[in-house]
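S.K.: The following block contains the structure, expressed as structure tokens.
Read the figures in this text as sums done on the coordinates, not as results from a lab. Here the structure is a predicted model, which means the values were calculated and not measured. Methodologically, a virtual Cβ is constructed for each residue, glycine included, from the backbone with ideal geometry; neighbour enumeration extends over all protein chains shown.
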Amino acid sequence: MNTRAVESDLQYVKGLVEKAGQSGLPGSICLLWALIVPIGFGLADFAPHATGWFWMIAGPLGGILSGLLGRRAGLRIGQMDREEGVRHVLHWGGMLTVILLSIALAVLGHVEGPVLGGIILLIVAMGWWTAGVHFDRSFLLPGGIMMAGFLAVMAGVRYAWTGTGVLIAVTLLYTALRKGAKDAALDA
């Protein structure tokens, strides 16, 4: 082997190692949810009758798109971990299942619609928080904001839903920009 071939091989391995540090929450997923969240949360304040319908479509569709974006990001950096993918499906699918089960509380007359919205927010906050513990620390701040938002919503603070959605979107945009800058530096 000549020196240039060895040097080229080492550069290739170095690139793979650097890309390995890119694993975690892709910025594209942050951007997706930075768009979805403030719309859905704002609807709770300004068009509450449309909120449930919005989330019935946007929640699962956003989850599917997130999975596709995560897969694409994994392929881009050469990391396809089936086991981690299964953990994500179980985590987020479990959260969706608990949300669907909580709707039974309203259907059976145990809670009213606005309270159900708060319960679902609390479930989602726990889902994002635990994703921050187990997958990527970037989920912790939005999860914490959702918890604070739950308290504000339950206390009847005016425009609590909208404010919470905007704060979450800002943190997600910041995370996307930070991750995008890091990815660009590693690709250079």
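S.K.: Let me check against my output: what whole-number percent is the relative contact order of the stretch 26-187, with C-alpha pairs under 8 Å and at least 6 apart?
M.R.: Numbers: 148 pairs, mean separation 57.5, N = 162.
So the answer I get is 36 percent.
S.K.: Return the FRET efficiency for the residue pair LEU65, LEU100: r is the Cβ-Cβ distance, R0 is 22 Å, and the value is rounded to the nearest 0.05. Walk me through the intermediate numbers first.
M.R.: Working: r = 19 Å, r/R0 = 0.87.
Efficiency, rounded to the nearest 0.05: 0.70.
S.K.: Return the loop-located chymotrypsin sites (Phe, Trp or Tyr not before Pro) in the stretch 75-143 (DSSP other than H, G, I, E, B) with at most 13 other Cβ atoms within 10 Å of their own Cβ; answer none if there are none.
M.R.: Passing both the DSSP loop test and the Cβ count: no residue.
S.K.: Apply the membrane-span-like helix rule to the chain: whole DSSP H runs, Cα extent along the own long axis of at least 27 Å, mean Kyte-Doolittle hydropathy at least 1.6. List the helices found. If you can, show how the numbers build up before the last one.
M.R.: Numbers: long enough: 27-46 (29 Å, 1.83); 48-76 (41 Å, 0.42); 82-107 (37 Å, 0.93); 113-134 (31 Å, 1.53); 160-187 (40 Å, 0.61).
Membrane-span-like by this criterion, though nothing is claimed about a membrane: 27-46.
S.K.: Given the options LEU173, LEU69, LEU108, state which has the largest fluctuation in a GNM of the chain using a 10 Å cut-off (strictly under) for Cα springs.
M.R.: LEU108
S.K.: Given the stretch 26-187, report the % of alpha carbon pairs whose separation exceeds 27 Å.
M.R.: Every Cα pair in the stretch 26-187 considered, those over 27 Å come to 23 percent.
S.K.: Measure off 7 Å from each Cα along the Cα-to-Cβ vector at VAL166 and GLN79, then give the distance between these two points in nanometres to one decimal.
M.R.: Placing both labels 7 Å along Cα→Cβ, they lie 3.5 nm apart.
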